[in-house]
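Remarks on the structure that follows.
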Amino acid sequence: MSESFEPKIVAFVCTYCTYAGADLAGTSRLKYAPNVRIVRLPCTGRISPMFILKALQKGADSVLVSGCHPGDCHFAAGNYHARRRWTVFRALLAFTGIPEERIRFSWVSAAEGAKFADLINEITEDTKKLGPFTQYQELQKVIETQSSY
Amino acid sequence: MGIQEQYRSEAAALLSSGEVKLVIGFGPGSTADRRRPLFARTPEEAEKLVLDPACISNLTTYLVAGGLLSDGKKVAIFLKPDGIRSLNILVSECQVKPEQVVIFGYAIENNEIRPLSGRSIGDFAEIGSKIRTATPPPAVQKEAERLEAMSPAERFEFWKEQFSKCIKCYACRQACPMCYCRRCIVDVNQPQWVSTSSHTLGNFEWNLVRAFHLAGRCAACGACDRACPVNIPLRLINYRMGKEVKEAFDYHAGESSDQKPVLASFSQDDPETFIL
Amino acid sequence: MTRILPKNKLDDCIAAWQKAGYSVLAPVQRHDMSSFDEVQKASDMALDLILTERTIKDHFFPQTEPLIKYKISKHDIDSETMTPPDKKRIFFGVRPCDASGLAIDDPLFGWDYKDDYWFRRRNNSVIVTIACAEADDFCMCTSVKLSPDSTKGADVMLRPLASGNGWQIEAVSERGTALLDTVSPLLQESSDQAAPVPQVAEKFDVEKVMEWLADPANFESQFWKDISMRCIGCGSCTFLCPTCHCFDIQDEGDTYQGIRRKNWDSCSFALFTMHTSGHNPRNAQSTRWRQRIMHKFNYYQGKFGVNSCSGCGRCTRQCPVDMGITETLQAITNLPR
Amino acid sequence: MAKIGVFVCHCGENIASMVDTATLVRKISEHPGVEVCTEYKYFCSDPGQETVKRAIRENNLTGVVVAACSPRMHETTFRKACAEAGLNPYMLEMANIREHCSWVHSDKEKATEKAIEITRSLVEKVKRNNDLKPISVPVTRRALVIGGGIAGIQAALDIAGAGREVILVEREPSIGGHMSQLSETFPTLDCSQCILTPRMVEAIQHPNIKVLTYSEVESVDGYIGNFKVKIRKKARYVDINKCTGCGDCIQKCPVKKIPSEFECGLGNRTAIYTPFAQAVPNVPVIDTTRCTYFKNGKCKICQKTCQIENCIDFEMQDTFEEYEIGAIVVATGFQIQDTSLYGEYGYGKYKDVITGLSFERLASASGPTSGKILRPSDGKEPETIVFIQCAGSRDPSKGVKYCSKICCMYTAKHAMLFAHKNHHGRSQIFYMDIRAAGKGYDEFTRRAIEEDGAEYLRGRVSKLYEENGKLIVRGVDSLLGKPVEVAADMVVLATAIVPQPDAKETAKKIGIGYDEYGFYNEAHLKLRPVETATAGIYLCGACQSPKDIPDSVAQASAAAAKVIGLFSREQLEREPVVAGVNDATCAGCQGCIMACPYNAIDVRDINDRNGNLIKQVADVNPGLCQGCGTCVTFCRSNSIDLAGFTEKQIFAEVMAL
């Protein structure tokens, strides 16, 4: 893989835990890779699988979905619902050849700024190793070109 | 009297007594080996009903067709076990009131028709309980396993080729009894989550969304797969989703009519080994 | 004596055409589906199929086609028209019904506005038709006054030899003549007889159908409701039809750029005629099915003097609920008058 | 057309040192729909906010993006500024380029690029924001206090004293909690019962307090100001309204040898019992697991003894009561850790190894020994007592990681009490540190050492065994660096304070968070210590973390102040981030209804003009909806959407990345 590959990572996070965790990483001045773009949602329950597909279409090489630890959901049960969806959606992606390593799920609490920073670094490193998700990005490129006949 | 004749005369009786307004069954098709859905509104029309091993469609699709049951009247319908399973799901999702449906149940075994006793959905609890132990068709299982043994990249290529064939005719959706939405998500254009164009990316999105929306709701009747004019093996993807909800949540779609939808419920002990 | 293309010369033929700058497309069976696609050699072809599942229409009027690429900036939108490539193509082994379909659609794409996308591809393409050696229960070309060996829409006509060793070959247009000139050394003179053309029974009386459809009294007939009750409203019949040509224009893109595309659309879809207000003039499946039949056997005839059906039978063959044009037109034929 | 104003804050150097704000402004200015884009040192300052307001007014802005710190920091500030300039406050988005960008990156070029992308995507989002109006919800001015220990009692009294109704729920037969078990209390050595009992009586007699003992919270639904709480009143088998508390039934009960929970097993109780003499209410309950009648179907001596007709009712069933509640105070207290996990201390093996709480009972005047410190094994007066501190606390390997906070103090107190009761007694205390921070606390421990002769040995106990009727305690004096061996008559373990065993289940039932141990999470440890993350639910006492009485009471009053503050308003303004249904497309599958964690969605009939049912659709109650959006994600046909985070907004946000 070329040295210069800078993966694009899109993170969908809940505002009460992981977003706050990322805030804590900031206030604690923890350094992590600048490759992540965070989309803030009220709760993991609000994170639709469609978001992940659109992020991939927009060239994300990895996607992170993260929220409150089980039992800690600000909305009581949003993360439990989310967990079920992820289980199913993840299986679907895996079955259609979208590598599991590219779609990551985590629980990061408002107190886990360090976990957030480590996680972003880890995903960035892993994605660098995986390389760009050309297989999916190719589909987008095809759209942009005229058919060959 | 054969089962076909018995059901015919029962259907005719239900129609003439006015107990049901319509009987949805099968009639002769355009070729010798085809059967097509038949809608009998009179006892005379009921005489045209056919029941033989070629009657394989899942007719529950018609129960959720616009407004059929909104007048509160009853409808009789010919259903195989997969149709009964679909009906269970439709009842659990509040699309059909069980008291509005009279069932002519049948099973196809060794190329023969066997009647299923009972006329209302509550009579078929045994069918529901059998789902737990039912084994998927070996061909489907084998093909799914073959795919799962591939590398993700190979699997992606496989589906890319398959989905590139898709023409977005939505026959899979229209044939499916669970696709009863008044407006499908692909028809939402603000925002357009799923590209309407049938380029491979749009097809990928459509097929993923379709499969996800059917996760834990598929009765494995095969209607989508049969309907697909370009032969995309939709059965594989549906099977894989069914397997997931079964293994992860011990959920068997259509087991009973008072089941909670798998993605609208949860258990605190749901597996989460993949979550960091 | 007629000219024949021996089967064993087909590879040479393909090579010669490719050398002359053509891409050769023929029926193929790939990824569990039969369609027309580029071939390199005779063995790539699936010429024994009665009919491919997909039509050659796909290569003239693709299911999705980019029209304009645009870029949005603060005060401007830059756009660039995307045109189909000028690529010479030979469609080898086209069935007469599919070839006819192209001819049927030509006036539609050229009457008020000449659709460059269609005609550029039409002009770059040579259609080599092969007369049918077999028909199935769904074939109905004869019912729409065509035949299993019709030359309509063809540039070159092939008739399979009874021996199975090749085809009688004949140019039926100037473009066809030019094409044969590129391979004349490979063709032979022979007295071999062509295989008999299959008998395709007439399934309905198209004259009677047209007459019934033309009567405004029948527009609101209960007939439409009864016949279409089964229809589940998918677009499979329209998308597999060699003559259906409805499309929609969609813009697809993100914040900064996008593509305006021409996508197939279908009169079977409820959304096809849905107004923004929520009102839908064709608010029931019966009215949509009626539209399809009326369009093909009344409106099109009125505008272009031809019916928009070439009798391939795909609509019935692939219908998930065993409907199709044949059944409806048969029923109309048999209506008491 | 959208006219968006983007305001790039330097945050002094916090942002500007890592993000090239000039480039950011230039890039964003070029973005479609951006009308104004300016930078400033501190937009949150008065002149900064004035700039924003002026820009809104002068340019008729339709939306604002402030590229600055986290929305959690200043969203409210800028929403207010927008509102003051006549723009709907929900037409604002904060691009977090500080916490999520400048503070966490060290490559200026990449940080700038990231800041541009973050800002752009929020510009796209804000273009699709809608005017929203806050939702007003009524406040039911009745509080529920869960737990009738000192914390719960204090909170209930304070709220009731402010003129508001309180339902005080206690699952034991009497209120009082752990404090009622204590002998004297540090650092003043007042008798626990003497200061607690009046409070208990005050609570039960207070006209604004309804005390429900032997009752448990069954379910909590609803939200701040509008909770619906279902309470299970466990069958006492004694009619609380009829019983006079004469105690005859208890006297006559033939089952007398039941180890009393209240006495830590050091005393006995009967099958029909009150946990202790000063129980409030002074009405017994029947322990059905021990009662002869319930076991064998025969006896009923208590009923025969009782002089009031139908007062004892063996047919009594659990009953349920439902209350509309505006705020909840959780004061469910603590338990002590099971010390048998320390085999080396011999707890459970040797009768004379007891917990600190048992020692309280021995020292209590109303206890099983009437306040005499006697050995449980033979009833003899001990000469030497060894106290082992941190018997579970501050021990990550076997016990718990945290400090139980009260043990240093009560151990000193125990030594003191022992010295007062037995003038020749010796107290030897194995300790790790003496933690005596608190008013009068250090003085108290000094007094124990200096006046009452408590001997502190710094070190841990490694082994304890019995030899010739003595408990031999072996340990190390780490100050001397020498092994020590003490022959004791009694050993008292300062066991760890742990959450109630069912704390997690309770938390889930109530809908609040908890930590790894099961102590309840406050909304903010420093700034919102008595609130939970769930609006309208407050914490006090040891359910939040180990606490002594002064802290518990202080926290209880703080929680009560929060409740009283909430109850000072009739209406509560809520964020309008709520879901809404598109009737036209809703298929009525009711999945959202099942998925909603707040039961905020119901079914609504859609009828035609003649009143015939056309279909049923989902219907969101904006008062109940908390805006999590779980329903939106569930809905297959996109027929339900969440204001503030609509599908359109998120789509635009993602597509702009």
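The values are calculated or read from the model by the stated rules, or taken from the named source; none is laboratory data. Note that the coordinates shown come from a computational prediction; the quantities given were computed from them, not determined experimentally. Every residue, glycine as well, gets a Cβ built from its backbone with ideal geometry; the counts of neighbours run over all protein chains shown.
Among the residues of the range D:545-572, those identified as buried (at least 20 other Cβ atoms within 10 Å of the Cβ), in contact with a helix residue (DSSP H, G or I) (Cβ under 9 Å, 6 or more places away or on another chain) and of a type in the set (A, V, I, L, M) are D:ILE549, D:VAL553, D:ALA556, D:ALA559, D:ALA560, D:VAL563, D:LEU572.
Could you list, in sequence order, all residues of the range B:12-26 that are in contact with an Asp or Glu (Cβ under 9 Å, 6 or more places away or on another chain) and either closer than 30 Å to C:CYS315 by Cα or not in a loop (DSSP other than H, G, I, E, B) (or both)? B:ALA12, B:ALA13, B:LEU15, B:VAL23, B:PHE26 - these are the residues of the range B:12-26 that are in contact with an Asp or Glu (Cβ under 9 Å, 6 or more places away or on another chain) and either closer than 30 Å to C:CYS315 by Cα or not in a loop (DSSP other than H, G, I, E, B) (or both). Set side by side, the residues B:LEU59, B:LEU49 differ, and just one is under 19 Å from the mean Cα position of the chain (by Cα), surrounded by 21 or more Cβ atoms within 10 Å (Cβ to Cβ) and either within 11 Å of chain C (Cβ to nearest Cβ) or free of Cβ contacts under 8 Å to residues at least 60 places away in the same chain (or both), which is B:LEU59.
The residue pairs whose first member lies in the range D:19-32 and is within 14 Å of chain C (Cβ to nearest Cβ), whose second member is of a type in the set (Lys, Arg) and part of a helix (DSSP H, G or I), and whose beta carbons are closer than 7 Å, counting only pairs six or more residues apart or on different chains, are D:ILE28/D:ARG120; D:HIS31/D:ARG120. When we screen A:PHE89, A:PHE105 for residues that are farther than 29 Å from D:GLY518 by Cβ and within 11 Å of chain B (Cβ to nearest Cβ), the only hit is A:PHE89.
If the condition is being over 13 Å from B:LYS80 (Cα atoms), out of contact with any strand residue (DSSP E or B) (no Cβ under 9 Å at 6 or more places or on another chain) and either touching a residue at least 40 places away in the same chain (Cβ under 8 Å) or of a type in the set (A, V, I, L, M, F, W, C) (or both), then the range B:98-117 contributes B:PRO98, B:ASN111.
Within the range B:168-189, being more than 18 Å from the chain's Cα centre (by Cα) and either of a type in the set (Gly, Ala, Ser) or more than 7 Å from every other protein chain (Cβ to nearest Cβ) (or both) holds for B:LYS168, B:VAL186, B:ASN189. Residues that are crowded, with 22+ Cβ neighbours inside 10 Å, of a type in the set (A, V, I, L, M) and touching a helix residue (DSSP H, G or I) at 6+ places or on another chain (Cβ under 6 Å) do occur in the range A:104-114.
On the given criteria, is C:PRO320 under 20 Å from C:GLY233 (Cα atoms) and either part of a loop (DSSP other than H, G, I, E, B) or in contact with a Lys or Arg (Cβ under 7 Å, 6 or more places away or on another chain) (or both)? Here the answer is yes, as C:PRO320 does meet what is asked. Of the residues making up the range D:379-391, not a single one is free of Cβ contacts under 8 Å to residues at least 12 places away in the same chain and of a type outside the set (Gly, Ala, Ser).
Looking only at strands (runs of 3 or more DSSP E) that fall completely inside the range C:2-80, which ones have 3 or more residues that are buried (at least 17 other Cβ atoms within 10 Å of the Cβ) and within 12 Å of another protein chain (Cβ to nearest Cβ)?
Hits in the range C:2-80: C:22-30, C:33-38, C:64-72.
Of the helices (runs of 4 or more DSSP H) entirely within the range C:193-280, those holding at least 3 residues that are more than 10 Å from chain B (Cβ to nearest Cβ) occupy C:206-214, C:222-228. In the range C:100-121, the residues that are touching a residue at least 12 places away in the same chain (Cβ under 8 Å) and outside the structural domain of C:CYS141 (by TED's automatic domain parsing) never reach a residue that is in a helix (DSSP H, G or I) and charged (D, E, K, R) with C-beta atoms less than 8 angstrom apart, at least six apart or across chains. Look at C:PRO27 and say whether it is touching a Gly at 6+ places or on another chain (Cβ under 6 Å) and of a type outside the set (A, V, I, L, M, F, W, C). Yes.
Name the single residue that is surrounded by the fewest Cβ atoms within 10 Å (Cβ to Cβ) among those in the range A:44-59 being of a type in the set (A, V, I, L, M) and within 8 Å of another protein chain (Cβ to nearest Cβ). Result: A:MET50. Which one is nearest to the other protein chains (Cβ to nearest Cβ), of the residues in the range D:630-645 that are assigned to a loop (DSSP other than H, G, I, E, B) and hydrophobic (A, V, I, L, M, F, W, C)? Checked the range D:630-645; the qualifying residue nearest to the other protein chains (Cβ to nearest Cβ) is D:PHE645. Within the range D:274-281, not a single residue is assigned to a helix (DSSP H, G or I), farther than 12 Å from D:CYS253 by Cα and of a type outside the set (Asp, Glu). Here A:GLN146, A:GLN135 are screened, and the one residue that is assigned to a loop (DSSP other than H, G, I, E, B) and within 7 Å of another protein chain (Cβ to nearest Cβ) is A:GLN146. From the residues in the range D:573-611 that are among the basic types (Lys, Arg) and surrounded by fewer than 17 Cβ atoms within 10 Å (Cβ to Cβ), which one is farthest from the other protein chains (Cβ to nearest Cβ)? Filtering first and then ranking leaves D:ARG609. Screening D:THR119 on (1) of a type in the set (S, T, N, Q); (2) crowded, with 24+ Cβ neighbours inside 10 Å; (3) not assigned by TED's automatic domain parsing to the domain that holds D:GLU39 shows it passes everything except condition (3).
Could you tell me whether the range C:290-308 includes any residue that is in contact (Cβ under 8 Å) with a residue 24 or more places away in the chain, farther than 15 Å from C:PHE204 by Cα and within 13 Å of another protein chain (Cβ to nearest Cβ)? No: zero hits. The residue of the range B:19-29 that is nearest to the other protein chains (Cβ to nearest Cβ), among those that are of a type in the set (Gly, Ala, Ser) and crowded, with 19+ Cβ neighbours inside 10 Å, is B:GLY29.
Would you confirm, using the coordinates I've provided, whether B:CYS94 is hydrophobic (A, V, I, L, M, F, W, C), outside the structural domain of B:SER256 (by TED's automatic domain parsing), outside any helix (DSSP H, G or I) and on the phi > 0 side of the Ramachandran plot? When the stated conditions are applied, B:CYS94 passes them.
Filtered by the rule that a residue be assigned to a strand (DSSP E or B), more than 10 Å from the chain's Cα centre (by Cα) and under 21 Å from A:ALA110 (Cβ atoms), the range D:476-524 gives D:PRO499, D:HIS524. Do we find that A:TYR16 is at the interface with another protein chain (Cβ under 8 Å from one of its Cβ atoms), out of contact with any helix residue (DSSP H, G or I) (no Cβ under 8 Å at 6 or more places or on another chain) and either in contact (Cβ under 8 Å) with a residue 24 or more places away in the chain or assigned to a loop (DSSP other than H, G, I, E, B) (or both) in this structure? Judged against the criteria, A:TYR16 is a match. Residues that are in a helix (DSSP H, G or I), within 14 Å of chain C (Cβ to nearest Cβ) and over 22 Å from B:PHE158 (Cβ atoms) are absent from the range B:233-242.
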